[in-house]
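**Q** One structure is given below, represented as structure tokens, and several questions about it will come after.
The values are calculated or read from the model by the stated rules, or taken from the named source; none is laboratory data. If you're wondering where the values come from, they're calculated on a predicted model, not measured in any experiment. Glycine also receives a Cβ, built like all others from the backbone with ideal geometry; neighbour counts cover every protein chain displayed.
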Amino acid sequence: MNRSQWTVRSLALVLVIPVLLSSNLFFATAISAQEADEQPPIGLWEACPTPQNLPETITIGAPLGLTGPISVYGVPQQQGADIAVEEINASGYLGESQIVMAYEDTEGNAEQTIAAMTRLIEDIGVQAIFGPSLSTEAFAADPIAQEAGIPVMGVTTSAIGIPEMGDFVFRGNLPEHVLIPFMLDEVIPALEIEDVAILYGDDDDFTISGYDVFIEALEDRDVTILGEATFARGDIDFSPQLTTLLAEEPDALLVSALASEGVQIILQARQLGYEGPILGGNGFSTPDVIEQTGEAGNGLIVGASWNVGQQDPTESSLRFVEKFEEAYEYAPDQFSVQAYTAMWLFATAIRCTDSVAGEDIRDGLLAIEDMETPLGEFSFDPIGEPIHQPVVQVVEDGLFALFNPEE
């Protein structure tokens, strides 16, 4: 299928009820709660006619980290996906067909993700895969979907090389090699950063990838690296590394970490008297980091795909925030927004090809160009990488605010 420019339109709602099917498996079934003729402000309603040849049920598997430390990413993804499914089903976006979600809790463990991916494809017979939550899981399990010809899309898999695994592997979130250079271009001149220290996890694909991107981007921008140190997932004491790095008095501390370790790094850096900016990778872009670090989190800066306060938000972004807050009584983060968007991308590929065949969903995704979403105008490049405008956010008074270089 050729890439073609598609447009967007207008709103609706459904109730998703998770039902436990096995030890870690849930299905979300949809019940209409609004008139079917209401159109959400997202989707290619006019560009693609209502499909006529789809099965009654379309099952999308979702191996996500729903418990343990990785749940700070997996739970918001499930919440965002469920809101999208509610809207898609209630609005009749796929005609008479209904999307059903099959959730499996991977706990962020690669071996569990391999088992979950296998069950979803071989036992459940899903038409697509949403997830997993971590790059390490994706590298382990996405080849199973690739071999089966099942499109798979993660929205928190930021390491270099994810879509390169195969033509059925997509990424719904901006990767580190986009977000980190964009952040540095905003922050370095604004804060007059000339030298930095770097702390990163050396046993995780995501954190290693973030480190590699930091190094290349800093060299390209003539920023001096005063020192480097490493840690492992599960570490809790970072004071030896931080003491050594901060003794060099860097203009900024750069950290590539997942949220669990990132929280302790922030707290311990502040306890050691460091008051400067902390520049983090995408693993920090969760409200849980702010909640657990309190005032110590102020001054954390991260590149992100979306911010609740971003300028000129799309209609679908405003609508999503409203519905998310109604459903969960707190503000969404970028992971829930990316999940919501990913489900609409899957649904749009299915609507516009009128098919649930793996090859057709793949081609339908690749054909999406400049589709209006909560993330802005969204496209995929030829290998399945997302294209849309990033943002830079900074923690101020317990909230992620847009970083303003002029302030």
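**Q** Can you name every one of the strands (runs of 3 or more DSSP E) wholly within the stretch 342-407 that holds 2 or more residues which are over 15 Å from the mean Cα position of the chain (by Cα) and in the same structural domain as Glu56 (by TED's automatic domain parsing)? Can you show your working first?
**A** On the way: elements: 371-373, 376-380, 391-396, 399-402.
Result: 371-373, 376-380.
**Q** I'd like the full set of residues that are assigned to a helix (DSSP H, G or I) and of a type in the set (Asp, Glu), limited to the stretch 209-267. Step through it out loud before you land on a result.
**A** Here is the first cut: in the stretch 209-267, the ones assigned to a helix (DSSP H, G or I) are 209-220, 239-246, 259-267.
Scanning the stretch 209-267 gives Asp212, Glu216, Glu219, Asp220, Glu261.
**Q** In addition: Sort through Pro374, Pro390 and tell me the only one that's closer than 21 Å to Met183 by Cβ and surrounded by 24 or more Cβ atoms within 10 Å (Cβ to Cβ). Walk me through how you get there before you give the answer.
**A** On the way: Pro390 fails: surrounded by 24 or more Cβ atoms within 10 Å (Cβ to Cβ).
Just one listed residue meets the conditions, Pro374.
**Q** Every residue in the stretch 106-118 that is part of a helix (DSSP H, G or I) and in contact with a strand residue (DSSP E or B) (Cβ under 7 Å, 6 or more places away or on another chain), please. Lay out the reasoning, then the answer.
**A** Of all residues in the stretch 106-118, those part of a helix (DSSP H, G or I) come to 110-118.
Once the filter is applied, which keeps residues that are part of a helix (DSSP H, G or I) and in contact with a strand residue (DSSP E or B) (Cβ under 7 Å, 6 or more places away or on another chain), the stretch 106-118 yields Thr113, Ala116, Met117.
**Q** Identify all residues within the stretch 92-113 that are among the small types (Gly, Ala, Ser) and surrounded by fewer than 24 Cβ atoms within 10 Å (Cβ to Cβ); write none if there are none. Talk me through it step by step, then tell me what you get.
**A** So the first thing to find is which residues in the stretch 92-113 are among the small types (Gly, Ala, Ser), and the list is 92, 95, 97, 102, 108, 110.
Within the stretch 92-113, Gly92, Gly95, Ser97, Ala102, Ala110 meet the criteria.
**Q** Being out of contact with any Lys or Arg (no Cβ under 6 Å at 6 or more places or on another chain), surrounded by 16 or more Cβ atoms within 10 Å (Cβ to Cβ) and in a helix (DSSP H, G or I), is that true of even one residue in the stretch 197-205?
**A** yes
**Q** Can you tell me which condition Ser317 does not meet? The list is (1) assigned to a loop (DSSP other than H, G, I, E, B); (2) closer than 30 Å to Phe168 by Cα; (3) without any contact (Cβ under 8 Å) to a residue 60 or more places away in the chain, and all the others hold.
**A** Ser317 satisfies all of (1) assigned to a loop (DSSP other than H, G, I, E, B); (2) closer than 30 Å to Phe168 by Cα; (3) without any contact (Cβ under 8 Å) to a residue 60 or more places away in the chain except (1).
**Q** Find the residue count for the stretch 42-87, including only residues that are under 19 Å from Arg351 (Cβ atoms), assigned to a loop (DSSP other than H, G, I, E, B) and either of a type in the set (Gly, Ala, Ser) or under 21 Å from the mean Cα position of the chain (by Cα) (or both).
**A** Here the count works out to 3.
**Q** Something else: Which one of these is part of a loop (DSSP other than H, G, I, E, B), outside the structural domain of Ile124 (by TED's automatic domain parsing), within 21 Å of Ser285 (Cβ to Cβ) and more than 12 Å from the chain's Cα centre (by Cα): Ile160, Ile193, Ile180? Let's see the steps before the verdict.
**A** Working: Ile160 fails: outside the structural domain of Ile124 (by TED's automatic domain parsing); Ile180 fails: part of a loop (DSSP other than H, G, I, E, B).
None of the others qualify; the one that does is Ile193.
**Q** Just to check your reading of the model, which residue among Ala145, Ala90 is assigned by TED's automatic domain parsing to the domain that holds Ala347, part of a helix (DSSP H, G or I) and within 22 Å of Gly384 (Cβ to Cβ)? Even if it seems obvious, please write down each step before you answer.
**A** On the way: Ala90 fails: within 22 Å of Gly384 (Cβ to Cβ).
Ala145 is the lone residue from the list that is assigned by TED's automatic domain parsing to the domain that holds Ala347, part of a helix (DSSP H, G or I) and within 22 Å of Gly384 (Cβ to Cβ).
**Q** Let me ask something else. So Gly294 passes all but one of these: (1) assigned to a loop (DSSP other than H, G, I, E, B); (2) farther than 20 Å from Leu179 by Cα; (3) out of contact with any strand residue (DSSP E or B) (no Cβ under 8 Å at 6 or more places or on another chain). Which condition number does it fail?
**A** (1)
**Q** Okay, moving on. Consider Trp306 carefully, then state whether it is of a type outside the set (S, T, N, Q), under 19 Å from the mean Cα position of the chain (by Cα), assigned to a loop (DSSP other than H, G, I, E, B) and surrounded by 23 or more Cβ atoms within 10 Å (Cβ to Cβ).
**A** Working: of a type outside the set (S, T, N, Q): yes; under 19 Å from the mean Cα position of the chain (by Cα): yes; assigned to a loop (DSSP other than H, G, I, E, B): yes; surrounded by 23 or more Cβ atoms within 10 Å (Cβ to Cβ): yes.
Yes: the conditions hold for Trp306.
**Q** Between Gly358, Gly294, which is out of contact with any helix residue (DSSP H, G or I) (no Cβ under 8 Å at 6 or more places or on another chain) and surrounded by fewer than 20 Cβ atoms within 10 Å (Cβ to Cβ)? Give the derivation first.
**A** Details: Gly358 fails: out of contact with any helix residue (DSSP H, G or I) (no Cβ under 8 Å at 6 or more places or on another chain).
The conditions single out Gly294.
**Q** If only one of Pro189, Pro163, Pro175 is touching a strand residue (DSSP E or B) at 6+ places or on another chain (Cβ under 7 Å) and at pLDDT 95 or above, which one is it? First the steps, then the outcome.
**A** On the way: Pro189 fails: touching a strand residue (DSSP E or B) at 6+ places or on another chain (Cβ under 7 Å); Pro175 fails: touching a strand residue (DSSP E or B) at 6+ places or on another chain (Cβ under 7 Å).
Result: Pro163 is the single residue among Pro189, Pro163, Pro175 that is touching a strand residue (DSSP E or B) at 6+ places or on another chain (Cβ under 7 Å) and at pLDDT 95 or above.
**Q** Let me ask another. Go through the stretch 37-73 and count every residue that is closer than 22 Å to Gly125 by Cα and in contact (Cβ under 8 Å) with a residue 60 or more places away in the chain.
**A** Pass one, the stretch 37-73, residues closer than 22 Å to Gly125 by Cα: 51-66.
Now narrow it down to the ones that are in contact (Cβ under 8 Å) with a residue 60 or more places away in the chain: 51-55, 58-65.
Total satisfying the criteria: 13.
**Q** Here's another thing I want to ask about it. I'd like the residue in the stretch 268-287 that is in a helix (DSSP H, G or I) and of a type in the set (Gly, Ala, Ser) and, out of all such residues, is modelled with the highest pLDDT.
**A** Here is the first cut: in the stretch 268-287, the residues in a helix (DSSP H, G or I) are 268-271, 282-284, 287.
Then drop every residue that is not of a type in the set (Gly, Ala, Ser), which leaves 269, 283.
Details: Ala269: 98, Gly283: 92.
Taking the candidates together, the pick is Ala269.
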